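Supplied in structure tokens, the structure appears directly below.
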Amino acid sequence: MLDVDGTMAETEEFHRRAFNDAFGHLGLPWSWDIATYGRLLRIAGGRERIRHFLNSLPGRSVVLSDKDINELHRFKTRRYADLVCSGACELRPGVAALIHQARDRGVRLAIVTTTSRDNIVALLSRNLGPDWKRNFDVIVAGEDVSKKKPEPDAYIVALGTLGLPGATCLAIEDSRNGLAAAAAAGVPVLITRSLYFRDEDFTGAAAVVDHLVELHPEFWFDQDC
Ligand code: XBP
Ligand code: MG
């Protein structure tokens, strides 16, 4: 069960740029630097992240309606797609090989993410080709659940669709939110350290690696993931 942002690709720098371009487009006086964005990444979901940031402003100096936030996020999502479709955001080492080996061996794969569905399409159509969806039995995106990671909802939906108990699967994640979400759904977790979460404490993970290429192909194929 594959997370997307940070796990399949180092996408968060592209998200951060897209957020900042959206702020500029709408004349908002903000620009999230890496340190600020790293803190805000603890909030899953772009809209939720914007709202959390607004609420953290001194005296709540700027008020945006839900309609404003949705418009801002739509612009950001379009901008993110432009950035990713330029080809600048490649899959992390070992990800494409894992996907293709799983398909060739009939191992079922699920995408379980809190990112927007459009972001998955942009990233994977660019990196896996126009028929990228045929690699996955299940795709659960942020729109498919009311409670995002660290809540287990996305993993529970994926397990229900796969018809599998969590213990027979493996989640591949990069964040504590992702670890908590999968663990709460009873799914063992392999962490691949990403740029924004490389120094996190991943106590409770079944294993922690820097990249998937560190794992021998045989590591994978005695279970669905
Ligand atoms: C990462 C997220 C997303 C992205 C931004 O999801 O929490 O919010 O940061 O995408 P995951 P949106 O690691 O579960 O893939 O702006 O579309 O939310
Ligand atoms: Mg992630």
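Sort through Leu128, Leu83 and tell me the only one that's surrounded by 18 or more Cβ atoms within 10 Å (Cβ to Cβ) and over 26 Å from Ile43 (Cα atoms).
Going through Leu128, Leu83 in turn, just one is surrounded by 18 or more Cβ atoms within 10 Å (Cβ to Cβ) and over 26 Å from Ile43 (Cα atoms): Leu128.
Something else: Mind listing whichever residues of segment 165-187 are buried (at least 19 other Cβ atoms within 10 Å of the Cβ) and outside any helix (DSSP H, G or I)?
Cys169, Leu170, Ala171, Ile172, Glu173, Asp174, Ser175, Ala185, Val187
All but one of (1) in contact (Cβ under 8 Å) with a residue 12 or more places away in the chain; (2) away from ligand 1 (no atom under 15 Å from the Cβ); (3) in a helix (DSSP H, G or I) hold for Asn127; which doesn't?
Among (1) in contact (Cβ under 8 Å) with a residue 12 or more places away in the chain; (2) away from ligand 1 (no atom under 15 Å from the Cβ); (3) in a helix (DSSP H, G or I), Asn127 violates only (2).
Is it the case that Phe75 is touching a residue at least 24 places away in the same chain (Cβ under 8 Å), farther than 21 Å from Glu12 by Cα and among the aromatic types (Phe, Trp, Tyr)? Reasoning before the result, please.
Values: touching a residue at least 24 places away in the same chain (Cβ under 8 Å): yes; farther than 21 Å from Glu12 by Cα: no; among the aromatic types (Phe, Trp, Tyr): yes.
The answer is no for Phe75.
For every residue, the table says whether it meets (1) modelled with pLDDT of 95 or more; (2) part of a loop (DSSP other than H, G, I, E, B).
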position: Leu64; (1), (2): no, yes
position: Tyr80; (1), (2): yes, no
position: Gly87; (1), (2): no, no
position: His100; (1), (2): no, no
position: Arg103; (1), (2): no, no
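Of a type outside the set (S, T, N, Q) and closer than 20 Å to Asp174 by Cα: which single residue out of Pro152, Pro130 fits that description?
Pro152
Still on this structure, I have one more. With respect to the numbered conditions (1) in contact (Cβ under 8 Å) with a residue 24 or more places away in the chain; (2) surrounded by fewer than 19 Cβ atoms within 10 Å (Cβ to Cβ), which one is the sole condition not fulfilled by Ala154?
(2)
The values are calculated or read from the model by the stated rules, or taken from the named source; none is laboratory data. What you see is a predicted model; the values in this text were computed from it and never measured. Using ideal geometry, Cβ is built from the backbone for each residue, glycine included, and neighbour counts are taken over all protein chains shown.
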